[in-house]
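Taking it in order: structure first as C-alpha cells, then the write-up.
The values are calculated or read from the model by the stated rules, or taken from the named source; none is laboratory data. Treat the numbers as computed from the prediction; the structure is a model and nothing was measured. Cβ atoms come from the backbone with ideal geometry, glycine included; neighbour counts cover every protein chain shown.
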Amino acid sequence: MLLSVSKVGAWGQPLTCRKKCTNFKVQRIQSCVEQMQRRNCKHAFVVTNKRGTRCIKPDAVWLKEMINRGELHCPPDIHL
C-alpha cells in the first residue's frame, strides 16, 4: 500500500498549505500528490520536478487533462 504523508512545518501544518497555488503548467513532473482540504489547508495538487515543489490549483485544466489521460497519477495525501 502506498502511503503519502505531507511534510509538516513548525506549527503542525503541512508546508504545502502555506504555499501560494498557481495554474501555471509544470514541465517534467516527477511526483504528484492531491492535498485534500482540511483545517487551514486548501484543496490543491502538490507536484515536484527537478526545480522543486509547486502547489497547483485543482481547477488547472492542463493538470486535469494529464490525470484524465492517465499520464499522471496523483494519490491523495493522508494527514495524520
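Descriptive notes on the structure:
- Top-ranked residue of the stretch 1-19 - restricted to ones that are touching a strand residue (DSSP E or B) at 6+ places or on another chain (Cβ under 7 Å) and exposed (fewer than 14 other Cβ atoms within 10 Å of the Cβ), ranked as modelled with the lowest pLDDT: 8
- Residue selected from the stretch 25-64 under the condition aliphatic (A, V, I, L, M) and not in a strand (DSSP E or B), by the criterion nearest to the chain's Cα centre (by Cα): 36
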